Amino acid sequence: MTGYIVRRLLQLLPVLLLASLGIWAMIYAVPGGPVASIVGENANPEQIREVTQRLGLDRPVLVQYWAWLTSALTGDLGASLHAREPVLHLIMQRVPATLQLGFCATLVGLLLGIPVAIASAIWPGSWIDRTLSGWSALALGVPTFWLGILLILLFSVELRWLPSASAYVSFFDSPLQALRNTAMPALTLGTYVSGIFARFLRASLLSELKADYVRTARSKGLPERDVVGRHVMRNALLPFVTIVGLMLANFIGGTVVTEAVFTYPGLGRLLIQAIGSRDYPLIQGCILFILVIYVLMNLLVDVLYAYIDPRIEYR
Amino acid sequence: MAEPILSVRGLDVAFTGSGRSVPAVRGIDFDVHANEVLGIVGESGSGKSVTSLAITGLLPATARVSGSIRLGGVEITTADRETLRRMRGNDVGMIFQDPTTTLNPVLPIGRQVIEGQVAHGRIGSAAAAGRAIDLLREVEIPDPAARAGQFPHQFSGGMRQRAVIAMAMSGQPRLIIADEPTTALDVTVQAQVLSVLARRQAESGAAVILITHDLGVIAEVAHRVAVMYGGRIVETGRVEEIFARPRHPYTIGLLRSLPRIDGAEERLVPISGQPPAPARMPSGCAFHPRCPIGRDRPICAAEAPALVAVGAEGHASACHFAAEAETADTSARRPEPRPLTPEGAAKPAAEPPLLRVDDLRVHFPIRAGLLRRQVGTVRAVDGVSLDLRAGETLGLVGESGCGKTTTARAIMGLLRATGGSVAFDGQDITNLPRADMRRVRRNMQYIFQDPYASLNPVRTVGDIVAEPLHIHGLFDQMGGEKRIAELFELVGLSRTMLDRFPSEFSGGQRQRIGIARALALQPRLLILDEPVAALDVSIQAQVINLLQDLQRELRLAYLFVAHDLSVVRHISDRVAVMYLGRIVEESAKTDLYERPTHPYTQSLLSAVPVPDPASRSRRKRIVLQGDIPSPARPPSGCAFHPRCFRATEICARERPAFVAQPGGTTRSACHHAGPLDASILAGAAR
Amino acid sequence: MTARRMQRRIETAKRLFSHPGALLSGAFLLLTLLLAFLAPWVLPIDPLLQDVSASLEPPSARYWFGADELGRDLLARVIYGARTSLITAAGAVAIAACIGIPIGLVAGFFGGWRDAVLMRIIDVLLALPGILFAMAMIAVLGRSQLAALVAVGITGVPSFARITRAQVLSLRQRDFVLAVEALGGSSAYTMFKTVLPNSWSPILVQVVVLSSVAILLEAALSFLGVGIPPPTPSWGDLLRTGKSFLYEAPTYAVLPGIALTLTILSLDTLGRTLATVLEDRREIAGASSEGSGR
């Protein structure tokens, strides 16, 4: 098992290296290069020379990358140009908010998605199936930012129940306030995710229901509840676990849009602000951070899958 | 006579899924008694599997069932779900075709074997584990206690099917339905499974319905037979009667179109045409368009004949002219207008072999780890030598995983040879560069097993047959469209079909198209990889005859790769038997089949079910233990020694040489080669 | 012979539009397409004409969808926004297909080191959620319609590459591809004449599905303020501005959203129905192959 994890980690190394190279090179692709990104495009030559030397931009390119990478590995992602604070510090401030939103949304997605999938897979082609499939198409088709707007119109503008701009309140500090602030963003994102979950699980349930072993299970005289509950579900849930895991991984950086709708102070908002103010060290830091977490989560999902599926032997 | 366990009357099953009603079973009657094996035989689409699903109430919701099925006095067609559920597992056990998919891949075997009984409340969950182990032991699973906790992928195919038998037997049902239980298995493994099934049936006294397309299996196991065609039972009777005195033209045709392992040399008499599709069932007698007797008689096209008693007790035939069917021998087997080469006799050196394979090896590396280092080798082909002369057929037989297909593909240059050499017409063609290989391929062509997979679905069949000419830039030179039409007629297809797509053809027709494509470049050698394995028996005979005619006309050499020993015997001049990447015995056909010297050949031949129930009591069968080892870890010395009944200490140590045996044309690789000793048979047979 | 092939295509199309959902979706998309591209010639509306007196006017006989904060006709802006969306989506899908399909084809067909290298590159593209990847690219390229188009296109490359590769890998195992090799067909012949023509079905479905993804992604980028820069009307940007006037003019943010949602839903429905129709066609071909049923 350990060997398997180590090997998968080593396989990811080239991907991480290549991606980090891309992130680092970003700043060189910006018009005017890294210097202009700091001093602006209308700076005088002295400023430019000063910044060039301070940042070590006169050194060979590879040396610059190496320096950037090694300091990034020690957690030093540089300082934000505007906030004048270490980038990592800014990021870590936002992570809990994003995590809370991601978990809540996944929970909403599971609660909505799994029953929908099971109901429509058990009666395929029925009106229940058609209605529920329509629901998942809608959940996937309605853009989250528009759904968010509709929810704000309903719950904030019309009913005045919930704040239209959500703040981050930890569930551990004040559960009720946290719920008021997280409910709408979580519902928005969760609806979308429930569509993905429902569609995927329905498809895998349907294909499992066609499998020969289902006929075998029925021929033994198992009640339908056991045929579905013990045989079909177990097979269908194996790949489903992967999808849920990948969705969680996706949420580390993928809640950008929802955060923007509700002005929720997560990692995504930080990134948008950074792009808006052309704060390149902050942009690079955010993306690198999200990348590493995302890739590691993917690895975790793989390992988990290998662990729960008896057919896979990690040699 | 005692009350039958199962009694079926006027059973009709139709599927309504596609908007209109498609009949699958059309009014059948039969009984099954305790202690009896009823064999239901039929080709694809005959309704045999639908019948078995109807009995267990497992048909999909789109099926409409009418008539009566009474199991132990309970009417099934009108039973509610709960009654049906209680009946399954308690009164009826089922065994399905493919053991790789009938078991749930993520649950332990032991649990799957016993869970039906737990669900029925017939055993507590505490006792269940122990009972599962007992059940596995009864079907001869070695080390059942450890095996019960394993998952299906850790079992071999034969073991899985035996576990399924254990599962079906777990509730001591009065009726067992086995639907093609050995079709997916190799012949030596089939022998194991059939013997376990027969023993458990005898021990439990259960009634068994055995559904199969294989007349050999029926003759071997069944007491009574029902022959199905077009959703009806066309003939039924005791197994000896059906095989000795068939009274329906279809049964007669089926038996005549079957190649025999026990020697008959005559040309096969195929049934013309195709089995009917349920959606387009002919009027009257469903068989009349293909029937030599009824083809032109108005009554056969107008009226469906009833099943009426003929001859011996219990024998019934559904034919308007059953009496005529018995006597009319309209198309007796003609002797084969062959052989071209005197059989077996080594040709004088005057004619050098067309194909010479010398010590061919094909090894696949097993790579693992981050750096994809090679950690092992699959020795798929490990030193194969053979010769093939013009106009001659060499049969290459073996069970799955023996390397026969790999050998064929390596000869064709589709796989890289690791060692050894292949020479065609005196020229070394081993691992030629692609461009040079192209020229050689004009002279040797390959025919694939699955006619459904080997034709490009998005091209018309005319384009497919013309493809080799276009690839070699010879389309105009070799006669263009006219040549394509000629090829179509050569393989017995109409030129009006040229612009259709492969999906519009049946399996036999598609195989003909594959043959036409292979002949387009006028090759001298055809490598045929299981060319008839995917076809129904009646169609199989048509294709075999076509191949034999073409060989005679065009003086083709055939390398005929197959697992079916009867087909190989019928078509070959010489036969080579492969086991784990090597040829263990090679000889002229008659010598090999009559006087095998290698223990593996002997076991293989004894395991083949013969469609002759009369010889059942006389024949002794060697049931090999265990499964074919993985070619990645072949046993030391002689690869066969762990399963061999003659193995001694030297066999594990030293690899036997491939040497000529005295008194015949046989060469074999065995330390103890020799004719089968009666005492060994007595010891090994059960 | 081509007549028969044509006939097959027409049959597939007939079967596709015999599903009411697909028919409705197709009709809506056709209407959107016609409106978006013929608007300058047929409709008496101007998305850029300002009328400050009508600022944030609710829907009326004159402004069916109301007016925006500068008094511009919102219906006109929604219709011209469709144009932006559709062009961006079409361009993005074209980029994704033109890069992704060859990558998948080469990786799947040749395998070995080519496969390893190409798939590692795809892994890098997949190492970030799509929207972040697009944002990062726009951060570099600067904000423009072309940048949005390229960024959305690049995020679509992996799906084309993977689907093509999977299809090629499964086809490579099939006997009819091996048969062409046995006949002496060259690599190029096998790849372009045998493998590729059998890969179009899943690729076609992917084109439709990815169009909806591209429209959504472009709208999301504009909504975040990093997509298509004003004053070009785009649905995402309309929603972004509309969101600031939720109390004053609630319809502002609602109506463009309906257009966007219907377009995405239509493409999604069309894509899924197409997938089942093509699947059925394959299954019908396969069903007769069970005829040999052993």
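Brief remarks on what is shown
- Test for B:L53: is it surrounded by 18 or more Cβ atoms within 10 Å (Cβ to Cβ) and at the interface with chain A (Cβ under 10 Å from one of its Cβ atoms): yes
- Tally of residues being open to solvent by less than 10 Å² (accessible area, probe 1.4 Å), within 27 Å of B:L414 (Cα to Cα) and part of a helix (DSSP H, G or I) across the range B:526-564: 6
- Number of positions in the range B:487-517 that are within 23 Å of B:E43 (Cβ to Cβ) and free of Cβ contacts under 8 Å to residues at least 12 places away in the same chain: 1
- Scope the range C:214-241; condition in a helix (DSSP H, G or I) and surrounded by fewer than 24 Cβ atoms within 10 Å (Cβ to Cβ); matching residues: C:R240, C:T241
- All conditions in (1) assigned to a helix (DSSP H, G or I); (2) out of contact with any strand residue (DSSP E or B) (no Cβ under 9 Å at 6 or more places or on another chain); (3) within 14 Å of chain B (Cβ to nearest Cβ) hold for A:T216, with the sole exception of (2).
- The range A:122-133, subset more than 19 Å from A:L237 (Cα to Cα) and more than 28 Å from the chain's Cα centre (by Cα), residue surrounded by the fewest Cβ atoms within 10 Å (Cβ to Cβ): A:W127
- Filtering the range A:251-261 for residues that are in a loop (DSSP other than H, G, I, E, B) and crowded, with 24+ Cβ neighbours inside 10 Å leaves a non-empty set.
- Residue list for the range B:140-160, filter: crowded, with 21+ Cβ neighbours inside 10 Å and closer than 22 Å to B:A184 by Cα: B:I141, B:P152, B:G158, B:M159, B:R160
- Note on the range B:1-27: residues that are under 12 Å from B:S68 (Cα atoms) and under 27 Å from the mean Cα position of the chain (by Cα) total 0.
- Residue ID - nearest to C:L196 (Cα to Cα), chosen from residues in the range B:440-452 that are at the interface with chain C (Cβ under 8 Å from one of its Cβ atoms) and open to solvent by 20 Å² or more (accessible area, probe 1.4 Å): B:Y452
- The single condition among (1) over 30 Å from B:P275 (Cβ atoms); (2) open to solvent by 10 Å² or more (accessible area, probe 1.4 Å); (3) in contact (Cβ under 8 Å) with a residue 40 or more places away in the chain that B:E481 does not satisfy is (3).
- Of the candidates B:V362, B:V375, the single residue that is in a strand (DSSP E or B), farther than 20 Å from B:I571 by Cβ and modelled with pLDDT of 90 or more is B:V362.
- B:T188 being in the same structural domain as B:E36 (by TED's automatic domain parsing) and in contact with a Gly (Cβ under 8 Å, 6 or more places away or on another chain): no
- Of all residues in the range A:267-307, those satisfying the criterion of being free of Cβ contacts under 8 Å to residues at least 24 places away in the same chain and either surrounded by 22 or more Cβ atoms within 10 Å (Cβ to Cβ) or at the interface with chain C (Cβ under 8 Å from one of its Cβ atoms) (or both) are A:L271, A:I272, A:I275, A:G276.
- Of all the residues in the range B:25-40, those that are farther than 18 Å from B:L197 by Cα and buried (at least 23 other Cβ atoms within 10 Å of the Cβ) number 2.
- Residues that are small (G, A, S) and more than 19 Å from A:T258 (Cβ to Cβ) within the range C:223-243 comprise just one, C:S234.
- Residue match in the range A:141-158 (condition: charged (D, E, K, R), within 11 Å of chain C (Cβ to nearest Cβ) and over 23 Å from the mean Cα position of the chain (by Cα)): yes
- The listed residue being within 21 Å of the chain's Cα centre (by Cα), under 22 Å from B:G39 (Cα atoms) and surrounded by fewer than 23 Cβ atoms within 10 Å (Cβ to Cβ), out of B:D627, B:D612: B:D612
- Comparison of B:R379, B:R361 shows that the only residue that is open to solvent by 60 Å² or more (accessible area, probe 1.4 Å), in contact with a helix residue (DSSP H, G or I) (Cβ under 9 Å, 6 or more places away or on another chain) and under 25 Å from B:L592 (Cβ atoms) is B:R361.
- The number of residues in the range C:60-107 being under 24 Å from the mean Cα position of the chain (by Cα) and open to solvent by less than 40 Å² (accessible area, probe 1.4 Å) comes to 24.
- The lone exception for B:E303 - which of (1) over 30 Å from the mean Cα position of the chain (by Cα); (2) open to solvent by 70 Å² or more (accessible area, probe 1.4 Å); (3) at pLDDT below 85 it fails: (3)
- Some residue of the range B:415-428 being under 30 Å from B:A639 (Cβ atoms), away from every other protein chain (no Cβ under 11 Å) and among the β-branched types (V, I, T): yes
- Any hit, the range A:111-121, residues being out of contact with any strand residue (DSSP E or B) (no Cβ under 9 Å at 6 or more places or on another chain), within 11 Å of chain C (Cβ to nearest Cβ), modelled with pLDDT of 85 or more and open to solvent by less than 30 Å² (accessible area, probe 1.4 Å): no
- Those residues of the range A:151-175 which are part of a helix (DSSP H, G or I) and either open to solvent by 70 Å² or more (accessible area, probe 1.4 Å) or under 24 Å from A:Q93 (Cβ atoms) (or both), in sequence order: A:L154, A:E158, A:P175
- Yes/no for B:G403 being at positive phi and in contact with a strand residue (DSSP E or B) (Cβ under 7 Å, 6 or more places away or on another chain): yes
- Qualifying position, being touching an Asp or Glu at 6+ places or on another chain (Cβ under 7 Å), away from every other protein chain (no Cβ under 14 Å) and modelled with pLDDT under 90, among B:G158, B:G124: B:G158
- Within the range C:8-20, residues that are in a helix (DSSP H, G or I) sit with their Cβ atoms under 7 Å from residues that are of a type in the set (S, T, Y), at 6+ positions apart or across chains, in these pairs: C:L16/C:T273.
- Meets criteria (within 8 Å of another protein chain (Cβ to nearest Cβ), open to solvent by 10 Å² or more (accessible area, probe 1.4 Å) and at pLDDT 85 or above) for A:R234: yes
- Only a single criterion out of (1) of a type in the set (G, A, S); (2) within 27 Å of A:A137 (Cβ to Cβ); (3) more than 14 Å from chain B (Cβ to nearest Cβ) is not satisfied by C:S60, namely (2).
- Residue selected from the range B:161-193 under the condition among the small types (G, A, S) and surrounded by fewer than 24 Cβ atoms within 10 Å (Cβ to Cβ), by the criterion modelled with the highest pLDDT: B:G171
The values are calculated or read from the model by the stated rules, or taken from the named source; none is laboratory data. As the structure is a prediction and not an experimental result, all values here were calculated from the model. As a convention, Cβ positions derive from the backbone with ideal geometry for all residues, glycine included, and neighbour counts pool all protein chains shown. Accessible surface areas use protein heavy atoms only, side chains included; no ligands, DNA or RNA. Shrake-Rupley method; radii C 1.70, N 1.55, O 1.52, S 1.80 Å.
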